[in-house]
Amino acid sequence: MLTIQESLTDLYKWTKKWSTELNLSKCKTIFIGKNRQHIGYSVLKPDGELILEEKIEEKDLGVYITSDLKWNRQCSTAATKANRILGQIRASFSFLDKETLRLLYAGLVRTQLEYAVSTWNP
């Protein structure tokens, strides 16, 4: 079974073989769990070794992932966005009937709250 470091090395060799490139400035590591030993991972480039940046949390595809796998940041960010949009709707449309307000809420506010909900509350 390959280690993560060996897999990273193989991935880098594969990209060179197929004339593609990794954007190594966007490659980061995150350690999941409490008792994990923090090992610095690197990619061996022809011009020298590059140590990948270690992060405690990372945002990917609009979803915050933290090393302790708690979803507080994701939930608070979604609630903040939804409240901001709801405030804009109220300020812009002061004379709305209930049906129009329901449509705006369902289309703009609720989508913010439900985005990627299956990742943090399956």
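A compact table of results
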quantity: Matching residues, segment 12-67, being within 30 Å of residue 81 (Cβ to Cβ) and among the small types (Gly, Ala, Ser); calculated: 25, 33, 62, 67
quantity: Counted residues, segment 1-28 - those being hydrophobic (A, V, I, L, M, F, W, C) and either in a loop (DSSP other than H, G, I, E, B) or under 20 Å from the mean Cα position of the chain (by Cα) (or both); calculated: 6
quantity: Cβ-Cβ under 8 Å pairs, at least 6 apart or on other chains, segment 73-87 side over 8 Å from residue 112 (Cα atoms), far side of a type in the set (Val, Ile, Thr); calculated: 73/66; 74/63; 85/109; 86/109
quantity: Subset tally (residues that are within 30 Å of residue 8 (Cα to Cα), in contact with a helix residue (DSSP H, G or I) (Cβ under 7 Å, 6 or more places away or on another chain) and at pLDDT 90 or above) for segment 67-94; calculated: 1
quantity: Residue within segment 70-93 that is out of contact with any Ser or Thr (no Cβ under 9 Å at 6 or more places or on another chain), farther than 29 Å from residue 121 by Cα and exposed (fewer than 11 other Cβ atoms within 10 Å of the Cβ) present; calculated: yes
quantity: In segment 3-40, residue farthest from residue 57 (Cα to Cα) [restricted to those that are surrounded by 11 or more Cβ atoms within 10 Å (Cβ to Cβ) and of a type in the set (A, V, I, L, M)]; calculated: 11
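The values are calculated or read from the model by the stated rules, or taken from the named source; none is laboratory data. What you see is a predicted model, and the numbers here were worked out from it, not measured in a lab. FYI the Cβ positions are ideal-geometry reconstructions off the backbone, even for glycines, and counts take in every protein chain you see.
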